[in-house]
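Student: Sharing a structure here in structure tokens format.
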Amino acid sequence: MTQAATSSAAAPQAPAHIAIIMDGNGRWAKARGLPRVAGHQRGAEAARIAVRSCGELGVKYLTLYAFSSENWKRPVAEVDDLMSLLRFYLRREIGSLAEQGVRLRFIGSRERLAPDIITEIERSEALTHANSGLTLVVALNYGSHEEIVQAARLLAEDVAKGALRPADIDEAMFAARLSTADIPNPDLLIRTSGEQRLSNFLLWQAAYSELVFLDTCWPDFSRESLDQAIREFHRRDRRFGATHG
Ligand code: IPE
Ligand code: IPE
Ligand code: MG
């Protein structure tokens with residue numbers, strides 16, 4: 001039996017969908033006197049560990065917040081570093097992800113993304129489309145407000161066409177027009193680096209997610225950090241508005 005199989009056997013049942021706000025790369029680097037890009041590089045390695053660990057644990061969906069629609073506010077050089085890293089990571093990892101049975105999905109706007117990145121995204125989604133292991137959802141140039149506005153726009157178009165009556169709009173119809181339409185809501189949402197906010201991430205979808213905030217900066221995220229978050233998740237009592245069953 002492999003090391004991985006042994007440790008996953010000891011761990012409690014994993015939640016079906018884990019979403020992670022991978023934060024703290026810059027502070028990790030600063031604390032070591034390194035440039036921010038060094039933190040992002042180590043952060044990409046931590047993302048590999050998270051994907052592998054979630055696969056081993058039988059998690060069905062892992063959503064990683066890689067770049068927010070607000071992250072364009074950063075200096076151009078840092079945005080370029082982040083995009084280059086993504087490009088590098090996608091090219092280098094796609095073979096290994098496919099081998100692990102991972103199905104890749106990207107959510108977020110493709111506007112403003114470089115054409116070669118869009119090509120890489122489409123290629124990796126197509127290549128892994130039929131895989132049945134972990135679905136890795138990468139939130140890239142993603143922002144919930146924009147996503148919700150887009151869903152409202154789509155509904156408005158249906159109303160304008162006469163295909164839908166405003167009174168008939170319900171939650172399921174709204175959710176079906178989000179980029180996560182066929183993805184279940186996250187059970188567990190983790191944010192690293194000690195920050196305790198959502199930063200425009202999955203605002204609709206996280207309505208009943210259990211939020212776990214870890215002090216660890218993202219580059220230091222390990223299998224043990226994931227196990228710790230899952231253990232905390234199992235200590236929670238999810239009531240969804242009902243009384244304790
Ligand atoms: C997360 O780390 C990576 C991205 C947002 C792309 P940060 O770059 O936000 O690191 P801190 O929060 O400045 O430490
Ligand atoms: C959220 O982190 C976005 C990602 C992790 C990709 P930020 O570092 O951008 O969030 P704020 O600015 O601290 O809220
Ligand atoms: Mg940050």
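Quick note: the coordinates plus some simple rules give every number you see, no bench work behind them. Note that the coordinates shown come from a computational prediction; the quantities given were computed from them, not determined experimentally. Cβ coordinates were reconstructed from backbone atoms using ideal geometry, including for glycine residues, and neighbour counts include every protein chain displayed.
Student: Just how far, in whole angstrom, is segment 151-207 from segment 15-69 if you go by their alpha carbon centroids?
Tutor: Computed from Cα coordinates, the inter-centre distance equals 24 Å.
Student: While we're looking at this one, here's another question. For segment 114-229, what D do you get in µm² per second when you plug the Kirkwood radius from alpha-carbon pairs into Stokes-Einstein at 20 °C and 1.002 mPa s?
Tutor: For the chosen part, D equals 126 µm²/s.
Student: Can you divide the C-alpha Rg of the chain by 2.2 N^0.38 Å and report the result to two decimal places?
Tutor: Ratio of Cα Rg to 2.2 N^0.38 Å: 1.05.
Student: Explain nothing, just compute: Karplus ³J(HN,Hα) = 6.51 cos²θ - 1.76 cosθ + 1.60, θ = phi - 60°, for every residue of segment 38-44 in order, whole Hz, x for Gly and Pro.
Tutor: Running phi through 6.51 cos²θ - 1.76 cosθ + 1.60 with θ = phi - 60° gives 5, x, 5, 4, 5, x, 5 Hz.
Student: I would also like to ask the following. Per the Kirkwood definition applied to all pairs of different Cα atoms, how many angstroms is the hydrodynamic radius of segment 56-96?
Tutor: 12.2
Student: Starting from the Cα of W72, move 7 Å in the Cα-to-Cβ direction to define the label point; list residues of segment 179-217 whose amide nitrogen is under 19 Å from there.
Tutor: Residues 179, 199-202 fall inside that zone.
Student: Please report, in Å, the Rg and the Dmax of segment 67-173, where both are computed over Cα atoms only.
Tutor: Just the Cα atoms of segment 67-173 yield Rg and Dmax of 17.2, 49 Å.
Student: Of all alpha-carbon pairs in segment 120-161, indicate the percentage at a distance above 16 angstrom.
Tutor: 58
Student: Still on this model: Go through I49, A139, I94 and say which Cα lies farthest out towards the positive end of the charge dipole of the chain; charges sit on Cβ, +1 for Lys and Arg, -1 for Asp and Glu.
Tutor: Of the listed residues, the answer is I49.
Student: On the principal axes of its Cα set, how long, how wide and how thick is segment 35-104? Give whole Å, largest value first.
Tutor: 38, 22, 19
Student: Something else now. Looking at the chain as a GNM with Cα springs under 10 Å, which of V159, V138, V212 has the largest mean-square fluctuation?
Tutor: Maximum fluctuation in the GNM of the chain, among the listed residues, is at V159.
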